[in-house]
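Novice: This structure is in structure tokens; I'll ask about it shortly.
Bear in mind these aren't lab numbers, they're just calculated from the coordinates by the rules spelled out. None of these values were measured; they are calculated from a predicted model. Heads up, the Cβs are rebuilt from the backbone with ideal geometry, glycines too, and the neighbour counts pull from every protein chain shown.
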Amino acid sequence: MDAIQQLTQYEADATAAIEAAADAPALEQVRIEFLGKKQGRLKDLQALLGQVPVDQKPVLGKRFNEVKDKVTSLLETRKAAVERPAAAVDGVDVTLPGTPFRYGHRHPISQTIDEFKAIMSRLGFDPVDGPEIEDERHNFDALNIPQDHPARDPLDNFYLSAAKTATGSPLLLRSQTSTVQIRVMEKTQPPIRIVSLGRVYRPDDMDDTHSCMFHQMEGLMIDTNVTMADLKTVLRLFATAYLGEDVVIRFRPSFFPFTEPSVEVDMRWGDRWLEIGGAGMVDPNVLETVGYDPEKVSGFAFGLGVERFAMRRFGVRDIRLFYENDVRFLRQF
Ligand code: PHE
């Protein structure tokens, strides 16, 4: 075998050995064998080169350098490959960038409810819960709503067909959170300062501001000498705490069977007024029904639409977006 053939043989052997080396230690062995400075096959070839006739030296020297560079660079490349940590596990390249994971978060209405509770607790109102399935006593009777009042119309309420109370009277999905006023007053003596946040149900036609299920925040304060001024103050404090100092709300005279006097509360939104709820001084009949003395205690109550506030805060023009659970919408919050 002449020197050129030996160089070619060396190149082929080195290439095969580098490819076969599975890890860094094996590759280091290959490096020592083929490129080792003290001993090793390249060193032997170099010695051989010294012995060839002078006229062959340029050609052989060129080929020698070529082979040496090639083997060196193959080794470097292979080294980088075996040192990459677990580059391929079961055929999966774990060094590839992953698919980013999106965190979920609470629904905007749940966020709003949490914030309402936090604001009201700073004003001294404790949160309480009440049932969504109610009897007529808590949804109507105790709230001073007469038997023939249109609010009781089956067309305006979700009466349950499958269930009744133990005594056989109707049950319905509550149409207002005012039910919780009664439940609290039945069990508790004044002073009372509570809020109750939850779902209410009405068979309304759905549109951009109406839904057959929505959320209300009921507020109730009973004590000696509670006045309409307290009601207006609490509502203004609440509205500005949630929406900012520049929010404008107004009170319009209205009527509810369970408050006297009663108001409706509107909030300015752009160039129009958006109704946000009802309120008033708790009617003496209601106080008597729960066993309070209307001569000794007085109080106010309010019921606000949670979605109306959230729409204004988040600039959402269609209430239905809150219930469709389209993640493209929900992600914005
Ligand atoms: N329950 C009334 C409604 O749903 C709102 C309200 C609550 C009014 C408390 C007065 C006092 O429309």
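Novice: Starting with the fewest neighbours, write out V200, V54, V128 ranked by other beta-carbon atoms found within 10 Å of each beta-carbon.
Specialist: V54, V128, V200
Novice: Can you give me the long-range amide H partners of V248? Hydrogens built in the peptide plane at 1.01 Å from N, cutoff under 5 Å, separation of 5 or more residues or another chain.
Specialist: The answer is R268.
Novice: Let me ask another. So how tilted is helix 24-35 from the main axis of the chain? Cα-based, degrees 0 to 90, rounded to 10.
Specialist: Taking the Cα atoms of the chain, the angle to 24-35 is about 20 degrees.
Novice: Another question about this same structure. In whole Hz, with x marking every Gly and Pro, tabulate ³J(HN,Hα) for the range 316-333 from phi via Karplus 6.51 cos²θ - 1.76 cosθ + 1.60, θ = phi - 60°.
Specialist: Residue by residue, the range 316-333 yields 8, 8, 10, 4, 5, 4, 5, 10, 7, 6, 7, 4, 5, 7, 5, 4, 6, 9 Hz.
Novice: Helix 3-20 sits at what angle to the longest principal axis of the chain, using alpha carbons and giving 0 to 90 degrees rounded to 10?
Specialist: 20
Novice: Still on this structure, please answer the following. Give a residue-ordered list of calculated ³J(HN,Hα) values for the range 123-137 (Karplus: 6.51 cos²θ - 1.76 cosθ + 1.60, θ = phi - 60°; whole Hz; x for Gly, Pro).
Specialist: Values per residue, Gly and Pro as x: 8, x, 9, 8, x, 9, 10, x, x, 8, 9, 10, 9, 5, 4 Hz.
Novice: Taking springs between alpha-carbon atoms closer than 10 angstrom, which of R183, R252, R84 fluctuates most in the Gaussian network model of the chain?
Specialist: R84
Novice: Let me ask something additional. With axes computed from alpha carbons, what is the tilt in degrees of helix 178-187 against the longest principal axis of the chain, rounded to the nearest 10 within 0 to 90?
Specialist: Result, in degrees: 70.
Novice: Which is farthest toward the positive dipole end of the chain among F256, L60, T15, measuring Cα position about the Cα centre, with Cβ charges +1 (Lys, Arg) and -1 (Asp, Glu)?
Specialist: L60
Novice: Considering amide H positions built from the backbone, and no H for Pro or chain starts, which residues 5 or more places from T259, or on another chain, come under 5 Å of its amide H?
Specialist: D283
Novice: Of the candidates D90, D153, D208, which one comes out as most mobile in a Gaussian network treatment of the chain with C-alpha springs shorter than 10 Å?
Specialist: Taking springs between Cα atoms under 10 Å, the residue moving most is D90.
Novice: Less than 27 Å apart at the alpha-carbon level, and either on another chain or at least 8 residues along: which lysines does that give for K232?
Specialist: Within reach: K117, K187, K296.
Novice: Something else now. Below 8 Å, C-alpha to C-alpha, sequence gap of six or more: please give me the relative contact order for the range 108-330 in percent.
Specialist: For the range 108-330, the relative contact order is 21 percent.
Novice: Could I ask something else about it? Rank F101, F158, F125 by mean-square fluctuation in a GNM of the chain with C-alpha springs under 10 angstrom and give only the top-ranked residue.
Specialist: Taking springs between Cα atoms under 10 Å, the residue moving most is F101.
Novice: Whose amide H sits under 5 Å from the amide H of F158, counting only residues 5 or more places off or on another chain, with H placed in the peptide plane?
Specialist: L173
Novice: Here's another thing I want to ask about it. Using a Förster distance of 35 angstrom, determine the FRET efficiency expected from the C-beta separation of A151 and D126, and round it to 0.05.
Specialist: That pair, A151 with D126, gives E of 0.80.
Novice: Helix-derived [θ] at 222 nm for the chain: sum -39500 (n - 2.57) over DSSP H runs of at least 4, divide by residue count, nearest 500?
Specialist: -12000 deg cm²/dmol
Novice: Okay, moving on. Tabulate in residue order the Karplus-calculated ³J(HN,Hα) for the range 218-234, using 6.51 cos²θ - 1.76 cosθ + 1.60 with θ = phi - 60°, rounded to whole Hz; enter x for Gly and Pro.
Specialist: Values per residue, Gly and Pro as x: 8, x, 9, 9, 10, 6, 7, 6, 7, 10, 4, 5, 5, 4, 5, 5, 4 Hz.
Novice: In which sequence would K232, K70 go, from the one with the fewest C-beta neighbours within 10 Å to the one with the most?
Specialist: Taking fewest neighbouring Cβ atoms as first place, the list is K70, K232.
Novice: Taking a ≥ b ≥ c as the square roots of the Cα gyration tensor eigenvalues, with a/c under 1.5 meaning rounded and otherwise prolate when a/b beats b/c, else oblate, which class fits the range 108-330?
Specialist: It is oblate, given that a/c is not under 1.5 and a/b is not larger than b/c.
Novice: So which lysines can K37 reach, going by Cα to Cα under 25 Å and dropping same-chain residues fewer than 8 places off?
Specialist: K37 reaches K57, K62, K68, K70, K79.
Novice: For the range 3-69, with only Lys/Arg (+1) and Asp/Glu (-1) charged at the beta-carbon, what is the dipole magnitude about the Cα centre, in debye rounded to 20?
Specialist: Dipole of the range 3-69, to the nearest 20 debye: 360 debye.
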